[in-house]
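Single-structure report; data block below.
Readers should treat all values here as calculations from the given coordinates under stated rules, not as data from a laboratory. Note that the structure is a prediction, hence the values are computed from the model and not measured. For neighbour counting, all protein chains shown are included, and Cβ atoms are generated from backbone atoms with ideal geometry for every residue, glycine included.
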Amino acid sequence: MADARISLEQVLHVAKLARLTLSEQEAREMQEQLDAILRYMEGLDTLDVSEVPPTFHSIPMLAPLRPDVPARCSDRSEILAQAPDSQWGGFAVPLVLEVE
Amino acid sequence: MTAYEPVIGLEVHAQMRSRTKLFCGCPTDYGAPPNEQTCPVCLALPGALPVPNRAAIELAVQAGLALECEIASYSVFARKNYFYPDLPKGYQISQFELPLNVKGHLDIEVDGETKRIGITRIHVEEDAAKNIHGVGDTAVTVVDFNRGGTPLIEIVSEPDLRSADEAEAYLRKLRDILMFIGVNDGNLEEGSFRCDANVSIRPVGQAELGTRTELKNINSFRFVKKAIEHEIARQEGVVQSGGTIVQETRTWSEAQGKTISMRGKEEAHDYRYFPDPDLPPVVIDDTRIEALRAAMPELPAAKRARWQRELGLTEYDAGVLSSHPKVAAYFEEAARSFAERCTKSGAEAGKKVGNFVQAEVLRHVTTDGLEALFPVAATAIAELLAAVEDGTINGKIAKTVFATMVETGRAPQAIIEEQGLAQVTDTSAIEEAVRRVIESNPSQVAQYKAGKASLIGYFVGQVMKVTQGAANPKVVNETLRRLLDES
């Protein structure tokens with residue numbers, strides 16, 4: 001794709017950040033689809049949006065705030081039972097190496 | 001040789017003292033068994049939705065007000081995307097483009113000079129979970145989500161700091177303020193106040209900033225200072241030997257006495273922030289902001305200035321007595337109670353109570369975060385000092401009574417009566433003692449009469465000895481002078 005709005009390198013970079021392993025075939029498919037989305041968004045370029053405030057949320061509503069009152073927590077044995085491995089009351093995951 | 005100037009900016013993560021987490025009702029108490037304070041929201045189970053905690057947002061506004069920030073009436077939560085086992089959603093809910101507080105500042109004093117340090121922003125975000133290594137199998141990391149979702153503020157300074165001392169002064173003052181307004185418990189050891197430092201150097205006079213390194217995970221003020229000092233020296237060494245600084249994350253190793261690179265955390269910081277679709281914008285109106293400002297406790301600097309003005313304290317004394325919010329409150333209560341009992345002015349009461357609290361009480365005080373344990377009630381100190389003021393006991397006996405109060409927890413009056421410590425103001429009893437001292441020290445009396453006036457101190461000491469320290473020193477002095485003149 002010569003004049004693609006997103007390069008194959010960018011697609012692979014985003015895939016890596018998302019921990020996705022894409023075959024070359026899949027990466028090219030993604031590039032095509034993302035390219036179509038970006039081209040569609042270019043439609044905005046034909047409009048004057050200088051007076052339009054940025055949209056931070058799709059619905060014009062404000063966050064309802066919650067009172068600071070403790071609620072009941074989940075049962076630990078129940079939640080840990082859903083994990084592949086648990087030890088010492090915690091979720092056990094492959095060792096995360098940290099310097100020190 | 002080129003002279004270099006260090007440039008330092010600090011990022012502080014402070015846990016806010018709300019009862020519950022930022023987006024769910026799980027408690028934030030420290031020290032619960034692992035994963036006992038979790039729910040579908042903070043474990044990121046599918047379908048769970050976050051709802052912001054009003055108290056957390058309002059505490060963050062108060063932090064912004066205390067640091068002279070502009071408070072955004074409209075702020076937005078954003079997703080910061082990265083993968084790590086302590087982050088169950090695969091993103092942290094933070095703020096990016098529209099943080100709650102911007103453009104504040106903090107004035108610090110270093111070597112008698114005041115310097116204003118800019119604060120770029122203070123935003124609200126959720127804390128990550130805790131990874132525990134070395135329990136269970138050696139091949140696993142155990143994740144405890146109790147801390148995950150705890151509300152934090154991240155306070156980002158401008159790169160205005162020029163030395164490790166300035167950085168330390170900034171951190172101490174910042175912690176002090178957050179503790180006094182009750183936003184944070186100031187506990188570095190438990191990780192509720194954490195600091196990262198961005199450090200770079202540049203030739204003196206150059207405007208452009210050098211490449212910086214980020215120092216992370218340093219959990220004491222002393223180590224922050226050492227880490228920054230070391231990092232400045234390390235960077236100068238690299239540059240002077242013709243090398244270049246690599247942008248990287250480093251940490252302080254106390255064991256090795258130097259900063260070390262944290263390889264493995266070097267993955268590109270490509271967080272792909274975007275507004276969180278689960279969370280509509282947060283709006284706080286001016287009326288509410290003003291109400292929060294009005295409800296805010298007195299800031300430590302204002303308190304010290306007022307104490308110097310109204311309670312007659314020196315700058316040093318005011319600093320010592322306001323070293324902790326509970327100590328400050330204790331001193332104020334004792335001073336107020338003393339002033340009421342003795343109908344004294346604030347300045348008289350402040351000075352007397354302040355001296356006694358510093359000299360006697362403080363060494364018995366233990367603090368833990370925002371909590372403090374005092375040996376006796378503040379009003380008991382007022383009662384004790386009132387007994388000195390009305391002449392019932394003297395200052396020396398007061399220390400003995402205080403020791404007994406600490407030991408037994410009993411009231412000063414009861415101890416004074418029970419142990420017969422009330423000082424002798426009865427003139428005839430004192431006269432009797434003075435006569436005995438004069439009779440048994442004829443040579444000193446002769447010397448005194450020959451003009452050695454300084455011997456009066458010796459006589460006072462002898463009388464106090466005879467009366468076992470219980471005589472009123474003023475009456476002793478007067479009686480001595482009178483009887484010596486007569487003899």
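How crowded by other chains is B:122-135, given as the mean number of beta carbons from other chains within 10 Å of each beta carbon? Can you show the working numbers first?
Working: counts 0, 0, 0, 0, 0, 0, 0, 2, 1, 5, 5, 5, 1, 5.
Across the residues of B:122-135, the mean count of other-chain Cβ atoms within 10 Å is 2.
Taking chain B as the reference, fit the longest principal axis to its C-alpha atoms, fit the long axis of helix B:221-240 to the helix C-alpha atoms, and give the angle between the two in degrees, 0 to 90, nearest 10.
The helix B:221-240 is inclined about 50 degrees to chain B.
If you look at just the Cα atoms of region B:223-301, how large are its Rg and its Dmax in Å?
21.8, 58
Other chains near B:32-41: what is the mean number of their Cβ atoms within 10 Å of each residue's Cβ? Can you show the working numbers first?
On the way: counts 1, 4, 8, 12, 5, 4, 7, 5, 2, 2.
Counting other chains' Cβ atoms within 10 Å and averaging over B:32-41 gives 5.
For labels at B:GLU113 and B:ASP270 in the simple 7 Å Cα→Cβ model, what's the distance in nm?
Output for this residue pair reads 4.4 nm.
Using alpha-carbon positions, what is the distance between the centroids of region B:191-225 and region B:1-74, in Å?
Their Cα centres are 22 Å away from one another.
Determine the alpha carbon to alpha carbon distance for each of B:LYS303/B:LYS399; B:LYS344/B:LYS465; B:LYS258/B:LYS303 and list only those over 30 Å.
Details: B:LYS303/B:LYS399 28 Å; B:LYS344/B:LYS465 32 Å; B:LYS258/B:LYS303 39 Å.
The answer is B:LYS344/B:LYS465; B:LYS258/B:LYS303.
What is the calculated FRET efficiency for B:VAL51 to A:MET41, with r their C-beta to C-beta distance and R₀ = 30 Å, to the nearest 0.05?
Working: r = 31 Å, r/R0 = 1.04.
That gives a FRET efficiency of 0.45.
Just to be sure I understand the model, the point goes 7 Å from the Cα along the line to the Cβ. What's the resulting B:GLU371 to A:LEU95 distance in nm?
Distance between the two pseudo-spin positions: 3.7 nm.
Got a sec? Which residues in region B:349-388 would a label at B:GLU417 touch, if it sits 7 Å along Cα→Cβ and we count backbone N under 15 Å?
The answer is B:384, B:387, whose backbone nitrogens lie closer than 15 Å to the label point.
In square nanometres, what is one fourth of the surface area of the convex hull spanned by the alpha carbons of region B:427-486?
Details: hull surface 13.9 nm².
Mean projected area of the Cα convex hull: 3.5 nm².
What is the calculated FRET efficiency for A:ASP48 to A:ALA18, with r their C-beta to C-beta distance and R₀ = 41 Å, to the nearest 0.05? Can you show the working numbers first?
Values: r = 35 Å, r/R0 = 0.84.
After rounding, the FRET efficiency stands at 0.75.
Give the peptides B:75-83, B:187-195, A:59-67 in descending order of average Cβ contacts within 10 Å, highest first. Let's see the in-between values first.
Details: B:75-83: 20.1, B:187-195: 18.4, A:59-67: 12.4.
So the order, starting with the most tightly packed, is B:75-83, B:187-195, A:59-67.
Over the Cα atoms of region B:151-280, what radius of gyration and what Dmax do you get, in Å?
16.5, 53
Take the Cα atoms of chain B, build their convex hull, and give its volume per residue in Å³.
On the way: hull volume 113.2 nm³, N = 487.
In chain B, the Cα hull volume divided by residue count equals 232 Å³.
Take the Cβ-Cβ distance between A:GLN82 and B:VAL246 as r, set R0 to 41 Å, and report the resulting FRET efficiency rounded to the nearest 0.05.
On the way: r = 42 Å, r/R0 = 1.03.
FRET efficiency, A:GLN82 to B:VAL246: 0.45.
If you count, for each residue, the other Cβ atoms within 10 Å and average over each peptide, how do B:121-127, B:367-373 line up from highest to lowest?
Working: B:121-127: 23.7, B:367-373: 13.7.
Top of the packing list down: B:121-127, B:367-373.
Treating the angle as unsigned and between 0 and 90°, give the value, to the nearest 10°, between the Cα long axis of helix B:346-356 and the longest Cα principal axis of chain B.
So the helix axis and the longest Cα principal axis differ by about 90 degrees.
How would you order B:290-297, B:244-251, B:157-164 from highest to lowest mean count of nearby Cβ atoms within 10 Å?
Output ranking for B:290-297, B:244-251, B:157-164: B:157-164, B:244-251, B:290-297.
Give or take rounding to whole Å, what are the principal axis extents of the alpha carbon atoms in region B:298-418, in descending order?
Sorted largest first, the three principal extents are 43, 33, 20 Å.
Please state, to two decimals, what the Cα-based radius of gyration of region B:4-288 comes to when divided by 2.2 N^0.38 Å (N = residues).
On the way: Rg = 19.3 Å, N = 285, 2.2 N^0.38 = 18.8 Å.
Against the compact-globule rule of thumb, the ratio is 1.02.
Using only atoms on other chains, find how many Cβ atoms lie within 10 Å of each Cβ of peptide B:46-58 and report the average. Intermediate values should be presented prior to the final figure.
Details: counts 0, 0, 0, 0, 2, 4, 4, 5, 6, 5, 3, 4, 2.
Going residue by residue through B:46-58 and averaging, the value is 3.
Taking the alpha-carbon centroid of each part, what is the distance from region A:38-60 to region B:307-352 in angstrom?
60 Å
DSSP loop trypsin sites (Lys or Arg not before Pro) in region B:435-487 with at most 16 other Cβ atoms within 10 Å of their Cβ, which ones?
Passing sites in region B:435-487 are B:LYS452.
Would you mind computing Rg(Cα) / (2.2 N^0.38 Å) for the protein assembly as shown, counting N as its residues?
Numbers: Rg = 32.8 Å, N = 587, 2.2 N^0.38 = 24.8 Å.
Scaled against compact globular proteins, the figure is 1.32.
Report, in degrees rounded to the nearest 10, the 0 to 90 angle that the Cα long axis of helix B:395-408 makes with the longest principal axis of chain B.
So the helix axis and the longest Cα principal axis differ by about 50 degrees.
Which entries of B:LYS352/B:LYS396; A:LYS16/B:LYS89; A:LYS16/B:LYS80; B:LYS80/B:LYS115; B:LYS80/B:LYS173; B:LYS89/B:LYS130 show an alpha-carbon separation above 22 angstrom in the structure shown? Please report the intermediate quantities before stating the final value.
Values: B:LYS352/B:LYS396 14 Å; A:LYS16/B:LYS89 17 Å; A:LYS16/B:LYS80 16 Å; B:LYS80/B:LYS115 33 Å; B:LYS80/B:LYS173 29 Å; B:LYS89/B:LYS130 15 Å.
Pairs exceeding 22 Å: B:LYS80/B:LYS115; B:LYS80/B:LYS173.
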